[in-house]
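Step one of this worksheet: look at the structure below.
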Amino acid sequence: MPLVTTTEMFEKAYKGGYAIGAFNVNNMEIVQGITEAAADLNAPLILQVSKGARAYANHTYLIKLVEAAVEETGLPIALHLDHGDSFELCKSCIDGGFTSVMIDASSKPFEDNIALTRQVVEYAHDHGVVVEAELGTLAGIEDEVNVKAEDSSYTRPEDVQEFVDRTGCDSLAIAIGTSHGAYKFKPGTKPQLRFDILEDVERRLPGFPIVLHGSSSVPQEFVKMINENGGNMPGAIGVPEDQLRKAASMAVCKINIDSDLRLAMTATIRQYFNEHPDHFDPRQYLKPARAAIKAMVAHKITDVLGCDGKA
Ligand code: G3H
Ligand code: 13P
Ligand code: ZN
């Protein structure tokens, strides 16, 4: 099976009350950990590449790694550009074999967001590629852009129908309280997503796939493991998994997770070196790191996304 778009995945996910995991990939071990978990659980998958990942690992290497995963697993896998910030970047990924792109013009004024998204949609649809757009601004860090909490803004439900109609986008990322990175909520506070906004969006766009970015849960056992092995991560708090599960049962069809994989990988490697200070063969420490990613993704598929057995 070749790489697929997200169209059929999202139709089934919307009807089935589950979501597809969109996991960020940067190297071979990450691709392997994610896809081995999905293969064991027969889960559809979105592998996403940020501008930073593409700069780090090179477009061709990433494409070939993902193609290898498709060949090895036989799963329906979409290859998606995460947070595309220009028409040129989206075009380059479309021309280079991606099946889905995100144009993130959410920090621009409404009319400018529409114009840029529309331009990407026209090119993408001409080439059989689907487009995710974003309305509302998430806090946190993505690539070199750091959006402060006070500059973030929830999606306004009254804007979504006009935005989707005028852009022709295939899915829409909204801001309901998630944010990028490991420091999402203040320590001691009780994280709460704005389900009232999600319900309102769902009512205005029946059947339309919604995307949640910034959906890592920041498992405390990994924060502890990092801190016990020489790290320093004070007050890292994520989105409660029961709230993500609820969102997945609603209109949310794609849930983006990156930080939790970074935590699992880093915690495992830190602990490995503490226990084996004399080791220096990368295979020795990358093997348990890959296994930790696999376990994390298996947990997300089964307990959060609900997409096991849906490939
Ligand atoms: O939302 C951003 C993703 O976590 C990707 O992060 O731009 O550092 O690769 P990155
Ligand atoms: P996290 O930082 O919560 O993992 O979010 C990742 C993301 O939204 C990628 O686009
Ligand atoms: Zn994101």
### Query
If you take the residues in the stretch 209-220 that are open to solvent by 10 Å² or more (accessible area, probe 1.4 Å) and more than 12 Å from residue 179 (Cα to Cα), which one is nearest to ligand 1 (Cβ to nearest atom)?
219
### Query
How many residues are of a type outside the set (Gly, Ala, Ser), within 16 Å of ligand 1 (Cβ to nearest atom) and within 13 Å of the chain's Cα centre (by Cα) when one looks only at the stretch 245-272?
8
### Task
Return yes when residue 206 is away from ligand 3 (no atom under 14 Å from the Cβ), open to solvent by 40 Å² or more (accessible area, probe 1.4 Å) and either at pLDDT 95 or above or closer than 23 Å to residue 164 by Cα (or both) and no when it is not.
yes
### Task
Name, by its number, the condition in (1) farther than 15 Å from residue 21 by Cβ; (2) without any contact (Cβ under 8 Å) to a residue 40 or more places away in the chain that does not hold for residue 69.
(1)
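Please determine whether any residue of the stretch 246-269 is of a type in the set (Gly, Ala, Ser), closer than 19 Å to residue 47 by Cα, surrounded by fewer than 19 Cβ atoms within 10 Å (Cβ to Cβ) and modelled with pLDDT of 95 or more.
Of the residues in the stretch 246-269, the ones of a type in the set (Gly, Ala, Ser) are 247-249, 251, 259, 264, 267.
Next cut, closer than 19 Å to residue 47 by Cα only: 248, 259, 264.
Remaining after also requiring surrounded by fewer than 19 Cβ atoms within 10 Å (Cβ to Cβ): none.
No.
Restricting attention to the stretch 100-111, which residues are over 14 Å from residue 50 (Cα atoms) and either within 16 Å of the chain's Cα centre (by Cα) or open to solvent by 10 Å² or more (accessible area, probe 1.4 Å) (or both)?
Let us first name the residues in the stretch 100-111 that are over 14 Å from residue 50 (Cα atoms), namely 105-111.
Matches in the stretch 100-111: 106, 107, 108, 109, 110, 111.
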### Query
more than 18 Å from the chain's Cα centre (by Cα) and hydrophobic (A, V, I, L, M, F, W, C) - does that describe any residue in the stretch 12-31?
no
### Query
Taking the stretch 261-311 only, how many residues are closer than 26 Å to residue 240 by Cα and among the acidic types (Asp, Glu)?
2
#### Entry: Residue in the stretch 33-45 that is in contact (Cβ under 8 Å) with a residue 24 or more places away in the chain and within 14 Å of ligand 2 (Cβ to nearest atom) present
yes
### Residue list for the stretch 32-54, restricted to those being crowded, with 21+ Cβ neighbours inside 10 Å, of a type in the set (A, V, I, L, M, F, W, C) and over 11 Å from the mean Cα position of the chain (by Cα)
34, 37, 38, 43, 53
#### Entry: Matching residues, the stretch 232-242, being under 17 Å from residue 22 (Cα atoms) and surrounded by fewer than 24 Cβ atoms within 10 Å (Cβ to Cβ)
241
### Message
Condition first: away from ligand 1 (no atom under 16 Å from the Cβ), surrounded by fewer than 24 Cβ atoms within 10 Å (Cβ to Cβ) and assigned to a strand (DSSP E or B). Can you find one or more residues in the stretch 180-195 that meet it?
### Response
no
### Query
Looking at the stretch 147-166, is at least one residue at pLDDT 95 or above, within 16 Å of ligand 1 (Cβ to nearest atom) and closer than 24 Å to residue 86 by Cα?
no
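The values are calculated or read from the model by the stated rules, or taken from the named source; none is laboratory data. What you see is a predicted model, and the numbers here were worked out from it, not measured in a lab. Neighbour counts run over all protein chains shown; Cβ positions are idealised from the backbone, glycine included. Protein only, heavy atoms only, side chains kept; ligands, DNA and RNA dropped before computing areas. Shrake-Rupley method; radii C 1.70, N 1.55, O 1.52, S 1.80 Å.
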